[in-house]
């Protein structure tokens, strides 16, 4: 090959690497943690069968730091299931909330992850591993599905997490502190896969934080052929020793049973956090029903209905041994005008308000206690 041809071939390889590894490249070997630049976010491509909803390659997002604490973050980013139809009014509301129904490919941490801590924050300097979310199935699925527009997608959340766990196992880490975190769709991923992370890092103290994922659902989603069953979540349950909870069926209290089972296996405190009138959780709850006529006309009424169920769920979760709850009325600036006064925020973990607000300060103190391996007292910061 001529020198010019070799240079062109090298440039082609580099360009392909920059665009993301092809999903079918089984021979690829991802870089090790020790090879990544410390203190900088790097993408770590993983081999098939891990892949995103649109068929693109799957990548972890890693911030190398002090390995005495490893923070595993399950990224959020909505969900989709077969038969879901979203009215135009709701699409407009979603865009105003700065979110979409789901991320079809890997999304950078600054756009959908944990807000980056200031230098004096307790978690600053720790190694962070973000299990990217691009499957629309709350990190649970193993199916070929359809999105809300009827387009065929790959929903391989379970395969993606398995690949992430395999990469973590290869790093031979023994952290003194394991912090598992998930918000929104990531909360469900963190919950279901926490037993596998406990098995991977059996020594040291650990904690599990679930935010904005209260699992308030409707029967059509749980039992309908196009809802949860379409994701084929059985593999994720079996992998984590949760097969006794199958089939989920139409059990609206499934989340209490799941949290109870995980608490028995995880051997560390579990925190469940939410705002009291979360517009995003309320929106997905609405989409799980059969009546699509009410929300566009009166979103506040639907938020009211979701809130009552959410408060009941938090009360039930707080009664589980090893679980503490955090409830607030945090309202970000991004709340759409038509929801002001009716809705609270979603994912404080992903907002700079986590580090610079009254609600964030209270949340941080509660989370610090959780990370220290103790079970903090429940917190209720709702407006009087």
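The values are calculated or read from the model by the stated rules, or taken from the named source; none is laboratory data. Note that the structure is a prediction, hence the values are computed from the model and not measured. Cβ: placed from backbone, ideal geometry, glycine included. Neighbour counts: every protein chain shown.
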>> I'd like the residue in the range 33-52 that is touching a residue at least 60 places away in the same chain (Cβ under 8 Å) and part of a strand (DSSP E or B) and, out of all such residues, is surrounded by the most Cβ atoms within 10 Å (Cβ to Cβ).
In response: 50
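Could you say which residue among 22, 49 is touching a helix residue (DSSP H, G or I) at 6+ places or on another chain (Cβ under 9 Å) and at pLDDT below 65? I'd like the intermediate steps shown before the answer.
On the way: 49 fails: at pLDDT below 65.
Exactly one residue qualifies, and that residue is 22.
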> Does the range 191-227 hold any residues that are within 16 Å of the chain's Cα centre (by Cα) and assigned to a loop (DSSP other than H, G, I, E, B), and which are they?
Replying inline: 212, 213, 214, 215, 216
> For the subset of the range 67-83 comprising residues that are surrounded by fewer than 21 Cβ atoms within 10 Å (Cβ to Cβ) and farther than 30 Å from residue 220 by Cα, which member is nearest to the chain's Cα centre (by Cα)?
Replying inline: 69
> Among 375, 381, 309, 327, which is modelled with pLDDT of 95 or more, in contact with a strand residue (DSSP E or B) (Cβ under 6 Å, 6 or more places away or on another chain) and closer than 16 Å to residue 212 by Cβ?
Replying inline: 327
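If only one of 341, 360 is surrounded by fewer than 22 Cβ atoms within 10 Å (Cβ to Cβ), in contact (Cβ under 8 Å) with a residue 12 or more places away in the chain and either assigned to a helix (DSSP H, G or I) or out of contact with any strand residue (DSSP E or B) (no Cβ under 6 Å at 6 or more places or on another chain) (or both), which one is it? Even if it seems obvious, please write down each step before you answer.
Details: 341 fails: in contact (Cβ under 8 Å) with a residue 12 or more places away in the chain.
Residue meeting the stated conditions: 360.
In the range 298-315, what count of residues is obtained for those that are over 14 Å from residue 273 (Cα atoms) and in a helix (DSSP H, G or I)? Break it down into steps so the answer makes sense when it comes.
Taking the range 298-315 as the starting set, the residues that turn out to be over 14 Å from residue 273 (Cα atoms) are 298-306, 308-309.
Retained after the next criterion (residues that are in a helix (DSSP H, G or I)): 299-306, 308-309.
Residues flagged as over 14 Å from residue 273 (Cα atoms) and in a helix (DSSP H, G or I) within the range 298-315 amount to 10.
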>> Please pick out the residue among 230, 241 that is in a loop (DSSP other than H, G, I, E, B), over 18 Å from the mean Cα position of the chain (by Cα) and over 24 Å from residue 331 (Cα atoms).
In response: 241
>> Just to check your reading of the model, which residue among 101, 168 is in contact (Cβ under 8 Å) with a residue 40 or more places away in the chain and more than 23 Å from residue 268 (Cβ to Cβ)?
In response: 101
